[in-house]
Amino acid sequence: MEEIFDLFIDGTAHIIVGTLSLLFGFVGTFVVIGIFKGFLRLLGIYAVVKERQAIVYILFGSVVGVISEPGLHFLWKELGPRALFVNWLGKRYIVDLRMDQQYLRSQAVNSEEGAPMGVGLWYEMYISDPVAYIFRNTDPKGSLAANVGNSTVRCLSNMPLDNMMTDRHMMSRTVRSEVSEKSQEWGYRLGSCYIRKVHFRDKNMVDQIQNKVVNRLRQVTSAIMQEGANQVSIITSTAEKETAIDFGKASAIRPKIVGDMLNTVSKDADVSAALFEVMEVNRIVSNDIPLHVFTKQLQLTLPYKEEGKK
């Protein structure tokens, strides 16, 4: 039993030692390869350029090469013998060529009517000349933002308020055409430029406009209600007028119709008597006249009033 246990311990130890040796071998290989690659880069044998990236090499204060194509580049082919010294005695600048965006909020602009307006401008930018970006301006991004803001104020000031609130496409093109030429001197190129917001800067003016709009809506609502009431009155009066005319015509025609009918009925005595009797009964019933029916045995003695006595 003890021999089996010893064999198991020895086998486990050999496996652990072999695994560690293999692991350290791989790690050592990667470390050696990394050191070797770093040494080759230090000697200027090759350089790797990523997507939307540029590398500018400076030697003794002069630009000796600019590589902007992505991929693996052999510096001896690109720079010649200077590739051996550029990483030792020179400098290497890595420039990001990706598209960047910025939003300028509430640029102060006055309209033609003198209203203090705020313009929010969104624009895209990217580096078109890495050398000019590095050496022409210490802060090209801030300078471009200042240039865009100044162009916005200069181009959009004294515009009619109506055009400023509605025609944003034209204003965006005006600002972009004004900024593009200047920005190229600093290695920047302006992409899309769009005015996203135009608003009033003075809060009191905003409140006044809101009150004016509310009052105008109330006036329009009152005018609509008054117009509706007038139309209803016109329709009602017209209908009453036509009704009165028709009733007047009916009142004028009614006696003739009744007279003709009575004249026709009076030609037959029996029909005439029956008609007037029915009309009399109908009149008595409709007026709720009380009827007293006396029998033959009941005699009614009325008080006798002598003449001359009250």
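The table below lists the values:
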{"quantity": "So Arg168, is it over 20 Å from Ala115 (Cα atoms) and modelled with pLDDT under 85", "calculated": "no"}
{"quantity": "Residue within segment 181-202 that is more than 30 Å from Tyr123 (Cα to Cα) and assigned to a helix (DSSP H, G or I) present", "calculated": "no"}
{"quantity": "Per-region count, segment 168-193, residues of a type outside the set (D, E, K, R) and under 19 Å from Asp129 (Cβ atoms)", "calculated": "9"}
{"quantity": "Cβ-Cβ under 8 Å pairs, at least 6 apart or on other chains, segment 131-147 side closer than 16 Å to Glu181 by Cβ, far side hydrophobic (A, V, I, L, M, F, W, C) and in a helix (DSSP H, G or I)", "calculated": "Leu144/Val179; Asn147/Val179"}
{"quantity": "Cβ pairs under 7 Å, 6+ apart, first in segment 110-123 and within 8 Å of Asn158 (Cα to Cα), second of a type in the set (Ser, Thr, Tyr)", "calculated": "Asn110/Ser157"}
{"quantity": "Residue identified as exposed (fewer than 14 other Cβ atoms within 10 Å of the Cβ) and of a type outside the set (Lys, Arg) among Ala132, Ala115, Ala108", "calculated": "Ala108"}
{"quantity": "Within segment 111-127, considering residues that are modelled with pLDDT of 85 or more and not aliphatic (A, V, I, L, M), the one farthest from the chain's Cα centre (by Cα)", "calculated": "Tyr126"}
{"quantity": "Residue under evaluation Met164, criteria (1) touching a Lys or Arg at 6+ places or on another chain (Cβ under 6 Å); (2) over 24 Å from Arg52 (Cα atoms), criterion not met", "calculated": "(1)"}
{"quantity": "Test for Ser128: is it of a type in the set (Gly, Ala, Ser) and under 21 Å from Ile55 (Cβ atoms)", "calculated": "yes"}
{"quantity": "Filter pass, Asn147 being crowded, with 16+ Cβ neighbours inside 10 Å and more than 17 Å from Val66 (Cβ to Cβ)", "calculated": "yes"}
{"quantity": "Positions within segment 194-235 being of a type in the set (A, V, I, L, M, F, W, C) and more than 27 Å from Pro116 (Cβ to Cβ), in sequence order", "calculated": "Val220, Ala223, Ile224, Met225, Ala229, Val232, Ile234, Ile235"}
{"quantity": "Where a residue in segment 194-218 is surrounded by fewer than 13 Cβ atoms within 10 Å (Cβ to Cβ) and its partner, wherever it lies, is part of a helix (DSSP H, G or I) and hydrophobic (A, V, I, L, M, F, W, C), with Cβ under 9 Å and at least six apart", "calculated": "His199/Val206"}
{"quantity": "Residue match in segment 225-245 (condition: among the small types (Gly, Ala, Ser) and either more than 60 Å from the chain's Cα centre (by Cα) or within 30 Å of Leu161 (Cβ to Cβ) (or both))", "calculated": "no"}
{"quantity": "Selection status of Val109, farther than 21 Å from Ile134 by Cα and either outside the structural domain of Leu161 (by TED's automatic domain parsing) or of a type in the set (A, V, I, L, M, F, W, C) (or both)", "calculated": "yes"}
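The values are calculated or read from the model by the stated rules, or taken from the named source; none is laboratory data. What you see is a predicted model, and the numbers here were worked out from it, not measured in a lab. FYI the Cβ positions are ideal-geometry reconstructions off the backbone, even for glycines, and counts take in every protein chain you see.
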